[in-house]
1. Just the number, please: carbon plus sulfur as a percent of the accessible area of segment 4-98, 1.4 Å probe, no ligands or DNA/RNA counted.
2. Between A2 and L49, what is the FRET efficiency for a Förster distance of 25 Å, r being their Cβ-Cβ separation, to the nearest 0.05?
3. Quick one: if you stick a label point 7 Å off each Cα along the C-beta vector at E73 and M101, how many nm between them?
4. Using a 1.4 angstrom probe on the protein heavy atoms only, could you order T13, T56 from most to least accessible area?
5. How would R28, R47 rank on accessible area, largest to smallest, probe 1.4 Å?
6. Report the calculated FRET efficiency for N58 and A18 (r = Cβ-Cβ distance, R0 = 30 Å), to the nearest 0.05.
7. Which values, in whole Å and largest first, are the semi-axes of the equivalent ellipsoid of segment 4-98 obtained as the square root of 5 times each eigenvalue of the Cα gyration tensor?
8. On average, how much accessible surface per residue is there in segment 4-98, in Å², for a 1.4 Å probe, leaving out ligands, DNA and RNA?
Amino acid sequence: MANRDQIELAKETLNVFADRGEDFGDARHVLHFMYGGNFEALGASLRELGYAVKPTVNADGIIAERHEAIGEEWRTTTLAALCDLCDSYGVEYDGWEAAMMRQPPAPEPSKPIGFFPKIFGKKK
């Protein structure tokens with residue numbers, strides 16, 4: 001898959017965020033995954049752009065991360081620029097992930113039943 005194909009694929013992911021009621025104005029933790037090629041030089045360029053960069057678990061790529069406001073403008077500018085940057089270093093841009101800010105509310109915990117109802121079959 002060409003790196004710029006990731007820009008189109010991001011539409012689907014952004015739709016999931018929109019369906020969950022996410023506010024695209026909120027900055028959130030975003031991870032970008034890149035493999036192969038000259039990722040050492042790419043890492044230096046990413047650091048200049050304000051990304052924290054670390055190797056992947058198998059040291060066959062890098063993960064770039066920072067807090068960003070994602071959305072359509074981000075997809076067509078920031079993501080496009082990252083894909084082009086990866087192309088310039090011969091690195092495969094393998095996608096991104098971001099934190100959901102608005103999780104569904106947790107269910108109410110059930111109240112524990114005491115010893116009395118267990119014996120007599122009544123609830124307090």
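1. Working: 2360 of 4870 Å².
Whole-percent figure for carbon plus sulfur exposure: 48.
2. Once the sixth-power term is evaluated, E becomes 0.70.
3. The answer from the label model is 1.4 nm.
4. Putting T13, T56 in descending order of accessible area: T13, T56.
5. The ordering from most to least exposed comes out as R47, R28.
6. 0.35
7. 23, 13, 12
8. Numbers: 4870 Å² over 95 residues.
On a per-residue basis, 51 Å².
The values are calculated or read from the model by the stated rules, or taken from the named source; none is laboratory data. Just so it is clear, the structure is predicted and the values come from calculations on it, not from any experiment. Here Cβ is always computed from backbone atoms with ideal geometry, including for glycine, and neighbour counts include all displayed protein chains. When the accessible area is computed, the model is the full protein with side chains, heavy atoms only, and any ligands, DNA or RNA have been set aside. Shrake-Rupley method; radii C 1.70, N 1.55, O 1.52, S 1.80 Å.
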